[in-house]
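Peer 1: What follows is a single structure, and I will ask about it in a moment.
The values are calculated or read from the model by the stated rules, or taken from the named source; none is laboratory data. Nothing here was measured: the structure is a model prediction, and the numbers come from that model. Ideal geometry is used to build each Cβ from the backbone, glycine not excepted, and the neighbour counts take in all protein chains shown.
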């Protein structure tokens, strides 16, 4: 049985998120991508930072996560980008089949 993943990435802006999303979907590393504006607060190099960012969510299979992370790291502008893969425990079976089909 195929295992599915929800990959969360923060990007510096919408343009970067859209560029990374397009790359991931075109290479079939992800079946789908969504992005939305977020506000972030975090420690970076000893300073408390606040920033507007764009969150990117990619839907993929467990088998595609490692190559997807590598592609994101190569394309991302951040020195240490946030890239997190979370399991999709349940979902619409037809949608999950579609993810599997589109990431082959």
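Peer 1: For residue 39, indicate whether it is surrounded by 12 or more Cβ atoms within 10 Å (Cβ to Cβ), at pLDDT 95 or above and either within 15 Å of residue 104 (Cα to Cα) or over 10 Å from the mean Cα position of the chain (by Cα) (or both). It would help to see each step written out before you state the result.
Peer 2: On the way: surrounded by 12 or more Cβ atoms within 10 Å (Cβ to Cβ): no; at pLDDT 95 or above: yes; either within 15 Å of residue 104 (Cα to Cα) or over 10 Å from the mean Cα position of the chain (by Cα) (or both): yes.
No, not satisfied.
Peer 1: Tell me, which strands (runs of 3 or more DSSP E) wholly within the stretch 22-104 include 3 or more residues that are under 12 Å from residue 10 (Cα atoms)?
Peer 2: Once the strands (runs of 3 or more DSSP E) in the stretch 22-104 are filtered for at least 3 residues that are under 12 Å from residue 10 (Cα atoms), what remains is 32-44, 47-61.
Peer 1: Within the stretch 2-18, is there a residue that is touching a residue at least 40 places away in the same chain (Cβ under 8 Å), over 10 Å from the mean Cα position of the chain (by Cα) and part of a strand (DSSP E or B)? Steps first, answer last, please.
Peer 2: From the stretch 2-18, those touching a residue at least 40 places away in the same chain (Cβ under 8 Å) are 2-14, 16; that's our starting set.
Right, trim to over 10 Å from the mean Cα position of the chain (by Cα) and you get 2-4, 12-14, 16.
Remaining after also requiring part of a strand (DSSP E or B): 4.
Looking through the stretch 2-18, at least one residue is touching a residue at least 40 places away in the same chain (Cβ under 8 Å), over 10 Å from the mean Cα position of the chain (by Cα) and part of a strand (DSSP E or B).
Peer 1: Name the single residue, out of those in the stretch 77-104 being out of contact with any strand residue (DSSP E or B) (no Cβ under 7 Å at 6 or more places or on another chain) and closer than 30 Å to residue 44 by Cα, that is surrounded by the most Cβ atoms within 10 Å (Cβ to Cβ).
Peer 2: Checking each candidate, the answer is 78.
Peer 1: Would it be correct to say that residue 54 is in contact with a helix residue (DSSP H, G or I) (Cβ under 6 Å, 6 or more places away or on another chain), over 17 Å from residue 5 (Cβ atoms) and either modelled with pLDDT under 95 or surrounded by 12 or more Cβ atoms within 10 Å (Cβ to Cβ) (or both)? Before the answer, list the steps.
Peer 2: Values: in contact with a helix residue (DSSP H, G or I) (Cβ under 6 Å, 6 or more places away or on another chain): yes; over 17 Å from residue 5 (Cβ atoms): yes; either modelled with pLDDT under 95 or surrounded by 12 or more Cβ atoms within 10 Å (Cβ to Cβ) (or both): yes.
Yes: the conditions hold for residue 54.
Peer 1: Looking only at residues that are in contact with a strand residue (DSSP E or B) (Cβ under 8 Å, 6 or more places away or on another chain) and more than 26 Å from residue 95 (Cα to Cα) in the stretch 13-36, which one is surrounded by the fewest Cβ atoms within 10 Å (Cβ to Cβ)?
Peer 2: 13
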